[in-house]
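The structure appears below as structure tokens.
Please treat every number below as a calculation from the coordinates, not as lab data. Values in this document were obtained by computation on a predicted structure and should not be read as measured data. Because the Cβ atoms are built from the backbone with ideal geometry, glycine has one as well, and the counts that use them run over all protein chains shown.
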Ligand code: CIR
């Protein structure tokens, strides 16, 4: 899938985000004003790159609603609405489905199959899926069933160390992964990709967002940032420190899609 996206669907953050789900990290106070400012800058940067940014309103009943990535997997051919692994988050999907149905045919993952979009990394025609506390075997098989007719090949990776696959590994380009190998078992794909390791002192640094010709990275991980610069990656700092406290990352805050060519 090309990273020349035209549209970003984002969701504003709820004031209730301070009551977000947390699994692998401890709770720290979230500065709502700073978080809102960071979200503005995230959206502004997408606009500056030329994307149309659709901002769905926050839902105060859904503290994690700004992490819109988990609600869907959007491919060129179809938008797969997920059944989130956390029951508390399942109310997030209807508003997202209403928006995505304007852009794509809809398929759904239905309970007891569960899957979070944060566990799905699409690299070209390959879909890497994390087996996590949120994404179960039935969710993975449901995704395989929906995407196989379009020619996608799905590979399952175990993620024992963190919330989502993409907290542990993302792609710098179609041949290269950025990973924390302490959090994800990359054995099944080690022949397929070159792997760049995050700095050992920055375990959370593997989540970067590819958008157009940029790779966004959180500046809170400066050594990994410099490493990517040294490798010639067009890396851009986008600060999401308040969302990191909610166990979120850069990819979680948008769904990126291409407009179908006319
Ligand atoms: C959760 O636990 O579901 C939220 N607090 C964080 C979700 C982050 N999403 C992501 O990594 N894709």
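Quick notes on this structure:
- Sequence-separation-based contact order of the chain, relative, with Cα cut under 8 Å and 6+ spacing, percent: 23 percent
- Contact order for segment 9-71, expressed relative to its length and based on alpha carbon pairs under 8 Å spaced 6+ residues apart, stands at 64 percent.
- The chain, Rg to Rh (Cα coordinates; Rh as Kirkwood inverse mean 1/r): 0.92
- Antiparallel DSSP beta bridges within the chain, as percent of all bridges there, nearest 5: 45 percent
- Computed over segment 65-145, relative contact order equals 31 percent, with contacts defined as Cα pairs under 8 Å that lie 6+ residues apart.
- Cα-based shape type of segment 1-134, given that a ≥ b ≥ c are square roots of the gyration tensor eigenvalues and the cut on a/c is 1.5: oblate
- Over segment 151-262, the alpha carbon radius of gyration divided by the compact-protein estimate 2.2 N^0.38 Å works out to 1.06.
- Segment 14-56 and segment 216-241 have Cα centres separated by 19 Å.
- Only helices enter the 222 nm calculation for the chain: every DSSP H run of n ≥ 4 contributes -39,500 (n - 2.57), and dividing by all residues gives -5500 deg cm²/dmol, rounded to 500.
- Packing rank of 208-219, 27-38, 85-96, 68-79, where each peptide gets the mean count of other beta carbons within 10 Å, highest leading: 68-79, 208-219, 85-96, 27-38
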